[in-house]
1. Go through the stretch 23-66 and give me each residue that's modelled with pLDDT of 95 or more, surrounded by fewer than 13 Cβ atoms within 10 Å (Cβ to Cβ) and in a helix (DSSP H, G or I).
2. Quick one: which of 72, 115, 78 is buried (at least 16 other Cβ atoms within 10 Å of the Cβ) and over 17 Å from residue 17 (Cα atoms)?
3. Looking at the stretch 9-19, can you tell me whether even one residue there is farther than 29 Å from residue 130 by Cβ, loosely packed, with under 12 Cβ neighbours inside 10 Å, out of contact with any helix residue (DSSP H, G or I) (no Cβ under 6 Å at 6 or more places or on another chain) and at pLDDT 95 or above?
4. Between a residue in the stretch 1-19 that is at negative phi and without any contact (Cβ under 8 Å) to a residue 24 or more places away in the chain and any residue that is buried (at least 16 other Cβ atoms within 10 Å of the Cβ) and assigned to a strand (DSSP E or B), which pairs come within a Cβ distance under 6 Å, given they are 6 or more apart or on different chains?
5. What about residue 120, is it within 19 Å of residue 17 (Cβ to Cβ), at pLDDT 95 or above and assigned to a strand (DSSP E or B)?
6. Look at residue 73 and say whether it is within 23 Å of residue 144 (Cα to Cα) and assigned to a strand (DSSP E or B).
């Protein structure tokens, strides 16, 4: 991984074999990014997309392997209860299915491994957004300091 800071944004190149989530978290730690957002494109050889099932309060994982195009990556950065970077990431991937047709999978991304390169733009802030458990939603959400 290499990155460069240009006009308020980090331009990141993730390299073959790297975990996309680990790359983004590492930069957040090194550069003291406590909140922000990112977007990207690239090529992967493995990705795990998850679907949340509210009735079970759990996720179902969908794994894909092979030549996978990361058509769109987007997410945000906040801070978990241990003070570590927390990524909430969604992605869209295209790949060839068993009939050799283009297929698409999208949703909440747990992780993806780069096969050739990943190009990510990360906009960060040292101001902190924490997460808290929301009883109504049943999940952790951003903890904001102003209520309406």
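1. Residues satisfying the conditions are 29, 30.
2. Numbers: 72 fails: buried (at least 16 other Cβ atoms within 10 Å of the Cβ); 115 fails: over 17 Å from residue 17 (Cα atoms).
Every option except 78 fails the conditions.
3. Let us first name the residues in the stretch 9-19 that are farther than 29 Å from residue 130 by Cβ, namely 13, 15-17.
Still in the running and loosely packed, with under 12 Cβ neighbours inside 10 Å: 17.
The next check asks that each one be out of contact with any helix residue (DSSP H, G or I) (no Cβ under 6 Å at 6 or more places or on another chain); those that pass are 17.
When the remaining residues are screened for being at pLDDT 95 or above, the result is 17.
Yes: the stretch 9-19 contains one or more residues that are farther than 29 Å from residue 130 by Cβ, loosely packed, with under 12 Cβ neighbours inside 10 Å, out of contact with any helix residue (DSSP H, G or I) (no Cβ under 6 Å at 6 or more places or on another chain) and at pLDDT 95 or above.
4. Taking only residues 6 or more apart or on different chains, the pairs are 2/13.
5. So residue 120 passes the test.
6. Details: within 23 Å of residue 144 (Cα to Cα): no; assigned to a strand (DSSP E or B): yes.
Considered against the rule, which asks whether it is within 23 Å of residue 144 (Cα to Cα) and assigned to a strand (DSSP E or B), residue 73 comes out as no.
The values are calculated or read from the model by the stated rules, or taken from the named source; none is laboratory data. Bear in mind the structure is a predicted one, so any value in this text is a computation, not a measurement. Ideal geometry is used to build each Cβ from the backbone, glycine not excepted, and the neighbour counts take in all protein chains shown.
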